[in-house]
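S.K.: Input: one structure, supplied below.
The values are calculated or read from the model by the stated rules, or taken from the named source; none is laboratory data. Keep in mind that this is a model prediction, so the values were computed, not measured. Backbone-built Cβ (ideal geometry, glycine too); neighbour counts: all protein chains shown. Keep in mind that these areas ignore ligands, DNA and RNA; they rest on the heavy atoms of the full protein, side chains included. Shrake-Rupley method; radii C 1.70, N 1.55, O 1.52, S 1.80 Å.
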Amino acid sequence: MMLLRRPDIVRQAVIIVCILLFVAILLLLKIVYSARQEFVYGEQAFTRGEYAVAITHYERAIKWYTPFSKTVQLAVERLWQLGTEAEARGNSPLALEAYQSLRSSLYAVQSFYIPYQSWIPKSEERIATLLAKTKVGTEPQEDKLAQDTARFAIQLQRHVGPHLGWSILVEIGFLGWVGATVGLIWYVVDEAGNFARRQGLLWGSLIAAFFALWLIGMRLT
């Protein structure tokens, strides 16, 4: 292969950067749209009184996290509302499910920081109390209830992180997707300036495969 002149190298580098930026914007829009859709589904289920279904959708909305997302904040607040209202009605299982979903979804989107971290200890306090009440029974002894609540609180405060395997899958999927995109841009045109169909098919398939891995890892992390 002939060496490219400096202007050609710069032009190809600019093209690659622009394409990657375009893809990144599309990905951001996909995440924002998915979070919004899940929240809307949650609101519809909440209105129908299908609270367990609503919890599932609110949790998914949080997992499509982007910084400063109003949708994610609303989903967090809705899960807390579901928990407190269920407690007020005496529906401890539903309240426990809401608080646990809130806690687990926030831990699932952590990176070098945990978004909305102040909600986690609030949720853990309610989870510990509800678990203790469930364990003790309908007529709990105060001492026993306090001991079990404290024990569950200590267990809940242990560090929780995303599943290592799925986190690795997310990284592999993202890096592979970016690398395959660069490969497609670099090799899709041959030395004569013609479209290389076989190369395009190969790199296009790799892009689709790695992107699918990234989405699966994001959903299961």
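S.K.: Quick one: in the stretch 38-65, which of the residues that are under 27 Å from L27 (Cβ atoms) and among the polar types (S, T, N, Q) is surrounded by the most Cβ atoms within 10 Å (Cβ to Cβ)?
M.R.: The residue in question is T56.
S.K.: Which residue pairs have Cβ atoms under 7 Å apart, sit 6 or more places apart or on different chains, and have a first residue in the stretch 112-132 that is farther than 27 Å from P67 by Cα and a second that is modelled with pLDDT under 90 and among the charged types (D, E, K, R)?
M.R.: If the second residue must be modelled with pLDDT under 90 and among the charged types (D, E, K, R), the pairs left are A132/D148.
S.K.: Moving on. Of all the residues that make up the stretch 66-83, how many are touching a residue at least 12 places away in the same chain (Cβ under 8 Å) and either open to solvent by less than 50 Å² (accessible area, probe 1.4 Å) or not in a helix (DSSP H, G or I) (or both)? Let's see the steps before the verdict.
M.R.: Within the stretch 66-83, the first condition is being touching a residue at least 12 places away in the same chain (Cβ under 8 Å), and the residues that meet it are 66-67, 69, 71-76, 78-80, 82-83.
Adding the requirement that they be either open to solvent by less than 50 Å² (accessible area, probe 1.4 Å) or not in a helix (DSSP H, G or I) (or both) leaves 66-67, 69, 71-72, 75-76, 79, 82-83.
Qualifying residue count, the stretch 66-83: 10.
S.K.: Among the residues that make up the stretch 48-58, is at least one of them of a type in the set (S, T, Y), within 19 Å of V109 (Cα to Cα) and not in a helix (DSSP H, G or I)?
M.R.: no
S.K.: Related question: Every residue in the stretch 106-125 that is under 19 Å from T84 (Cα atoms) and surrounded by 14 or more Cβ atoms within 10 Å (Cβ to Cβ), please.
M.R.: Passing the criteria: L106, Y116, W119, I120, K122, S123, E124, E125.
Residues checked against (1) open to solvent by 80 Å² or more (accessible area, probe 1.4 Å); (2) modelled with pLDDT under 80; (3) assigned to a helix (DSSP H, G or I):
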| position | (1), (2), (3) |
| --- | --- |
| D143 | yes, yes, yes |
| Q147 | yes, yes, yes |
| R151 | yes, yes, yes |
| H159 | yes, yes, no |
| W166 | yes, yes, yes |
| E171 | yes, yes, yes |
| L175 | yes, no, yes |
| W203 | no, no, yes |
| A212 | no, no, yes |
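S.K.: Separate question: Return the residues of the stretch 35-71 that are small (G, A, S), modelled with pLDDT of 95 or more and within 13 Å of the chain's Cα centre (by Cα); say none if nothing qualifies.
M.R.: A35, A61
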